[in-house]
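The values are calculated or read from the model by the stated rules, or taken from the named source; none is laboratory data. Predicted model, so just to flag it, every value in this text is computed and none were measured. Cβ coordinates were reconstructed from backbone atoms using ideal geometry, including for glycine residues, and neighbour counts include every protein chain displayed. The accessibility values were calculated without ligands, DNA or RNA, using every heavy atom of the protein model including side chains. Shrake-Rupley method; radii C 1.70, N 1.55, O 1.52, S 1.80 Å.
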Amino acid sequence: MSQSKKPNATLTLLALAISAFGIGSTEFISVGLLPLITDDFGISLSTAGLTVSIYALGVTIGAPLLTAFTSRLSRKTVLLLVMTIFIIGNLTSAIAPIFSILIIGRIISALAHGVFMSIASVIAADVVEPNKRASAIAFMFTGLTLATVTGVPLGTFIGQITDWRMSFIFIVMIGIIGLISNALLVPHQLSKGNPISLHDIGKVLGNIRMLLILFITAIGYGGAFVVYTYVSPILEQYMGYSPHAVIIILVVYGICVAIGNTLGGHFANQHPLRSIFIIFVGLALALLGIGFTLESPIIGLIMVLTMGLFMFMNVPGLQLYAVLLSEKYVPSAISMASALNISAFNVGIFLGSYIGGVIIRHQSLAHTPVYGFFMVMLAAVVTLLWLLFDKKKQ
């Protein structure tokens, strides 16, 4: 890519990162608001928890389906349409008079989430030089990771000092900024993807390598959520930190996530599959370390922050490798492959959170790091076997 185009690429990635910040904030915003939502609607905590689980389900289903339905439109048009839907969904949540309307708003937002992450990954990779594609995707995903540092804590704080509905208004404002940024900064001259249909889901799932990367994404990424979903009670009940200290720790945790995401994009540029394996091993060891140092406030905290460093480090590499594999084996379904890998991330979130809950009910919170370790190591072993198989073929 010529030097004259690089500033445009930077501005495009900035616009995508702003939108990703809004997307990332809305995904986990209701976690901090659950007590407020429970009190307002007079429902149980488990019912209020549907705002999280149904959101993940909406992303899982919406990403491949809406990617197919919007494939004949230009990528910028899809991007603007998605951000508009995102704003409508969060506005619906903010003004919901009853809980079921709040759920509908969450579903609408989730549908936008899935398509955005799919199309934004393709656009990010498209506007830079080939050897910088993983870094470009990582920069776009930085918006998501920064949401864990500032967006979610700030949104929760707004809800606590005013009303939980104002937290969703805060997300709507970010969405409007993202929509304007995309309209002004994302170029119209993007490469147009091939029209795709729902049959492309079968094409992707019918390829063994695509199935493997989807499995690795779900299991490896999900393993971290067995622990991360319950990291606050782990810090309080086992490591002895106060709720106020936990808020500060979560901010530092988010900074570690952002650093790890950026490093992961750099590592994955040249050898994505090898970096995926190494990072999974690092994440697995961090999870195991948490299990062995639960009673140690200092070393245990270091292990938790190390988990944060590795937690999102594989996201750009996994997303890039899904795109690379689809370019080679299912070139007519690249966008669908990207969308299905976004679904796989959310399957991982759902699986990790659910498995963590089952472990807590039937064993104890202290066992979650060990199960998370085994999930991530399973992904690492499958990745290693894949590497050895490819090396043997060469």
Answer yes or no as to whether Ile213 is open to solvent by less than 10 Å² (accessible area, probe 1.4 Å) and hydrophobic (A, V, I, L, M, F, W, C). yes
I'd like the full set of residues that are of a type in the set (Val, Ile, Thr), farther than 15 Å from Val376 by Cα and modelled with pLDDT of 90 or more, limited to the range 301-328. Ile302, Val304
Conditions (1) within 21 Å of Phe292 (Cα to Cα); (2) in contact with a Gly (Cβ under 9 Å, 6 or more places away or on another chain) -> Ile342 fails only (1)
Checking the condition over 21 Å from the mean Cα position of the chain (by Cα), open to solvent by less than 10 Å² (accessible area, probe 1.4 Å) and assigned by the TED database to the domain that holds Phe373, which residue from Ile299, Ile276, Ile290 passes? Ile290
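Kindly provide the set of residues from the range 150-163 that are in a helix (DSSP H, G or I) and open to solvent by 10 Å² or more (accessible area, probe 1.4 Å), ordered by number.
Thr150, Val152, Pro153, Leu154, Thr156, Phe157, Ile158, Gln160, Ile161
I'd like the full set of residues that are open to solvent by less than 30 Å² (accessible area, probe 1.4 Å) and closer than 21 Å to Met377 by Cβ, limited to the range 342-352.
Ala344, Phe345, Gly348, Ile349, Gly352, listed by residue number.
Inspect the range 132-149 for any residue being open to solvent by 60 Å² or more (accessible area, probe 1.4 Å) and either among the β-branched types (Val, Ile, Thr) or free of Cβ contacts under 8 Å to residues at least 12 places away in the same chain (or both) and give the result as yes or no.
no
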Considering the range 247-261 alone, what residues qualify as being touching a residue at least 60 places away in the same chain (Cβ under 8 Å) and more than 14 Å from the chain's Cα centre (by Cα)? Ile247, Leu250, Val251, Tyr253, Ile255
Can you tell me which of Ile123, Ile119, Ile101, Ile61 is in contact (Cβ under 8 Å) with a residue 12 or more places away in the chain, part of a helix (DSSP H, G or I) and surrounded by fewer than 24 Cβ atoms within 10 Å (Cβ to Cβ)? Ile61
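Could you list, in sequence order, the residues of the range 308-339 that are aliphatic (A, V, I, L, M), within 19 Å of Ala268 (Cβ to Cβ) and open to solvent by less than 20 Å² (accessible area, probe 1.4 Å)?
Initially, the range 308-339 is screened for residues aliphatic (A, V, I, L, M), giving 309, 311, 313, 315, 318, 320, 322-325, 330, 333-334, 336-337, 339.
Narrowing further to those that are within 19 Å of Ala268 (Cβ to Cβ): 309, 311, 313, 315, 318, 320, 322-325, 334, 337.
Passing the criteria: Met311, Met313, Val315, Leu318, Leu320, Ala322, Val323, Leu325, Ala337.
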Is it fair to say Ser71 is among the small types (Gly, Ala, Ser), touching a residue at least 12 places away in the same chain (Cβ under 8 Å) and in a loop (DSSP other than H, G, I, E, B)? yes
